[in-house]
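These notes concern the structure reproduced below.
The values are calculated or read from the model by the stated rules, or taken from the named source; none is laboratory data. Note that this is a predicted model, so its numbers are computed, not measured. Neighbour counts are summed over all protein chains in view; Cβ atoms, including those assigned to glycine, are modelled from backbone coordinates with ideal geometry. Note: areas computed on protein heavy atoms with side chains; ligands, DNA, RNA excluded. Shrake-Rupley method; radii C 1.70, N 1.55, O 1.52, S 1.80 Å.
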Amino acid sequence: MDIEELLERYAAGERDFRDVDLSSSDLTGANLSGADLSEGDFSGTDFTNANLSGVNFSKSMMISATFECADLSYANLSTSDLTECIFNDANLVGVNFSGSEMFTAVLSGANLSGANLSNVGLNVADLVGANLTDADLSGASLNSANITDANLTGVKNANISGAIIYTATTSLDGSVVRSRQICE
């Protein structure tokens, strides 16, 4: 199935697209809200500004996919490979990421309020400025993840040992210096 066929079938009311291969596709701005895209291959696919709210992406291969500014609110991405994915400024409210691999994922400025990140591998991930309010991080690995300026209010079961936080200080000449601190 190609992109045109998927979008036509979606427009006609079909929502079951399990096991589809749309790797390296351009779905910028697409509306696939509520679709079942589980067990698919979306590696290298561009979902920038897409409406993916409530989509089931469970057990999918999504290496290096881009979700910049996309709406994935309440989507299911459990047990998916999200290595090197880009989620800058994405709406990830209530998303289920449980059991997924997110090694080196970029989530700068993403809204992860209420997200399920239990047992997620977030090693070397970029969470700078992310909103993790009330997120569940039980069993998550944040080794060398950058959580500078992230909102951790109400985070459940977080173990941030090994995470990196940059702190800002002002030097004598008035310039701002950031120093790296590893959580222990």
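Projecting the Cα atoms of Thr83, Cys69, Leu132 onto the charge dipole of the chain (Cβ charges, centred on the Cα centre) puts Leu132 farthest toward the positive pole.
Over the chain, what is the percentage of antiparallel beta bridges among all DSSP beta bridges, to the nearest 5? About 20 percent, rounded to the nearest 5. For the chain, the Cβ-based charge dipole about the Cα centre amounts to some 820 debye (Lys, Arg positive; Asp, Glu negative; other atoms uncharged). Springs between alpha-carbon atoms under 10 Å, Gaussian network over the chain: tell me which of Ala11, Ala110, Ala135 tops the mean-square fluctuations. Most flexible of the set in this elastic network: Ala11.
Using a probe of 1.4 angstrom and keeping all protein chains present, the accessible surface of the chain works out to 44 square angstrom per residue. The simple spin-label model puts a point 7 Å past each Cα toward its Cβ; for Ser138 and Glu39 those points are separated by 2.8 nm.
Between Ser23 and Leu7, the simple spin-label model (points 7 angstrom out along Cα→Cβ) gives 2.3 nm. Checking (i) 1.68; (ii) 1.14; (iii) 1.08 against Cα Rg over 2.2 N^0.38 Å calculated from these atoms, the matching label is (iii). Centre-to-centre separation between the Cα atoms of the range 74-110 and those of the range 6-61: 15 Å. Shape class of the range 104-147 from the alpha-carbon gyration tensor: oblate, with a/c at 1.5 or above and b/c at least as large as a/b. Modelled spin-label separation between Asn31 and Asn159, with each label point placed 7 Å from Cα along the Cα-to-Cβ direction: 4.4 nm.
Only protein atoms count toward the accessible area here, which uses a 1.4 Å probe; on the chain, the carbon and sulfur part of that area reaches 46 percent.
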